[in-house]
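Step one of this worksheet: look at the structure below.
Where a number appears in this text, it was derived from the coordinates with a stated rule and is not lab data. Owing to the predicted nature of the structure, the values given are computational and were not obtained by experimental measurement. As a convention, Cβ positions derive from the backbone with ideal geometry for all residues, glycine included, and neighbour counts pool all protein chains shown.
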Ligand code: CTP
């Protein structure tokens, strides 16, 4: 497969396996990829900047605080202009610093600043690999979407035997090719996400709505699209940017939201994260209601269609996986489990929106994922991390990747 025009940023950390990264650069370039290298200080103990630079045909970046590096190529740009970041070898220390969100050298700063997929090929001593600290760091990184390749079992340079050898350059190359061939674990799948509030008109200037920010729904659409799904986001009015690579349908009312969702079918997965107004005024008046004789008008409400329940009961057009949210303030898991059954969806993400939790409209979320098997409680995390974790769970359930 040709990798022509693909831009790879290769991070080379300090392990004996770094010599294999020279071969990797050659193989990537043979296939037409542009390769730029970031070499850590310890990496430079194993391979020289000159060797990497000669093979990549480009300058090698090492220093976070180098004036010339920053003038030519800022570290943010360095990470953003790549299509894929590859870490080979990924040492125990580098993985730990990534898991901890550190940015204390150029490599970790680039890895923290990137919004691009990251593929890591770990290499370390077998005991370091098996250590619970390393395993915990790997679990965190996996959860955040880092793709891990290897390590392999075998004789190690330190004389021990077991898992810890970095995958061979050709294996890493194949993983890079797979990445671009697949375009992500959800490539070929279709996803539908609802987000934001709905807005139900009373008259041309007044409406009923709620405080939903749309942050969680938008983050889910972004994560599904980043995993390769062809994603439609049906959103009520929000003040967020459109997520990259997502087809956005803007609507106001619940009726419009339902129609846009039905038009997006068939899909493999539907995630209903919108805070749909439960009711709408029976009549939306064409003219503005006047104060008149001082009596407040009575607004008769009718129930809105339940979009989640409608999608879950869509017969042959039903998405394979229908996922809802349940905003609850008490007996969260119990109420949400009952809601899952009532609405006929496969999973429900229960979030605690009791006053003081800061969930509604906030940047973080505390969710319990409820399916037919029971409830799984996720730690409090950013809405982007919830989206990432949900996307991985969806890919697994759809047998993707
Ligand atoms: N939902 C929907 N259409 C509606 C109402 C809700 O699609 N008309 C979806 C939401 O997007 C969410 C789930 O249903 O995924 C749960 O919404 P929630 O407001 O928590 O539940 P309600 O059914 O409104 O129940 P209640 O307000 O009584 O808790």
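Ranking 370, 333 by Cβ neighbours within 10 Å, fewest first, what do you get?
Ascending number of Cβ neighbours within 10 Å: 333, 370.
For segment 150-226, what does the convex hull of the Cα positions come to per residue, in cubic angstrom?
Spread over its residues, the Cα hull of segment 150-226 gives 151 Å³ apiece.
For a protection proxy built on the mean count of beta-carbon atoms within 10 angstrom, sort 347-357, 221-231, 383-393 highest first, please.
Going from most to least packed, we get 221-231, 383-393, 347-357.
Any chance you could run the full-extension gain for residue 341 through residue 158? It's 0.36 nm times the residue separation minus the Cα-Cα distance, nm to one decimal.
60.3 nm is the gain from fully extending residue 341 to residue 158.
In whole angstrom, how far apart do the alpha carbon centroids of segment 203-264 and segment 99-159 sit?
Here the answer is 35 Å between Cα centres.
What share of the DSSP beta bridges in segment 1-90 is antiparallel, in percent to the nearest 5?
Looking only at bridges with both residues in segment 1-90, the antiparallel portion is about 0 percent.
Which value results when the Cα radius of gyration for segment 148-300 is divided by 2.2 N^0.38 Å?
1.66
If you wrap a convex hull around the C-alpha atoms of segment 98-180 and split its volume per residue, what is the figure in Å³?
Output value, Cα hull per residue: 107 Å³.
From the P(r) of segment 23-132, could you give the percentage of C-alpha pairs in the tail past 15 Å?
66 percent
Compute the convex hull volume of the Cα atoms of segment 238-345, divide it by the residue count, and report the result per residue in Å³ as a whole number.
That works out to 172 Å³ per residue.
Restricted to Cα positions, what overall size does segment 308-349 have along the principal axes? Three whole-Å values, descending.
35, 14, 11
When N is the residue count of the chain, what does its C-alpha Rg come to as a fraction of 2.2 N^0.38 Å?
Dividing the Cα radius of gyration by 2.2 N^0.38 Å gives 1.16.
Hey, could you grab the Kirkwood Rh for segment 142-187? Inverse mean 1/r over distinct alpha carbon pairs, Å, one decimal.
12.2 Å is the Kirkwood radius here.
Please sort 19-25, 210-216 by packing, taking for each peptide the average over its residues of neighbouring beta carbons within 10 angstrom, highest first.
19-25, 210-216
Rounded to the nearest 5, what is the percent of antiparallel bridges among the DSSP beta bridges in the chain?
If we restrict to bridges inside the chain, about 30 percent are antiparallel.
Based only on Cα atoms, what mean projected area does the convex hull of segment 260-300 have, in nm²?
The directionally averaged projection comes out at 4.8 nm².
What is the gain in length, in nm to one decimal, between residue 168 and residue 7 on full extension, counting 0.36 nm per residue of separation less the C-alpha to C-alpha distance?
Stretched fully, the residue 168-residue 7 segment lengthens by 55.9 nm.
Nearest-5 percent of antiparallel DSSP beta bridges in segment 79-223?
Counting only bridges with both partners in segment 79-223, antiparallel ones make up about 50 percent.
For residue 102 and residue 240, what does the FRET efficiency come to when R0 = 30 Å and r is the distance between their Cβ atoms, rounded to the nearest 0.05?
0.55
Tell me the Rg and the Dmax, in Å, that the Cα atoms of segment 273-401 produce.
My reading of the Cα-based Rg and Dmax gives 18.6, 66 Å.
If one takes the longest principal axis of the Cα atoms in the chain, at what angle in degrees, from 0 to 90 and to the nearest 10, does the Cα axis of helix 215-226 lie?
50 degrees
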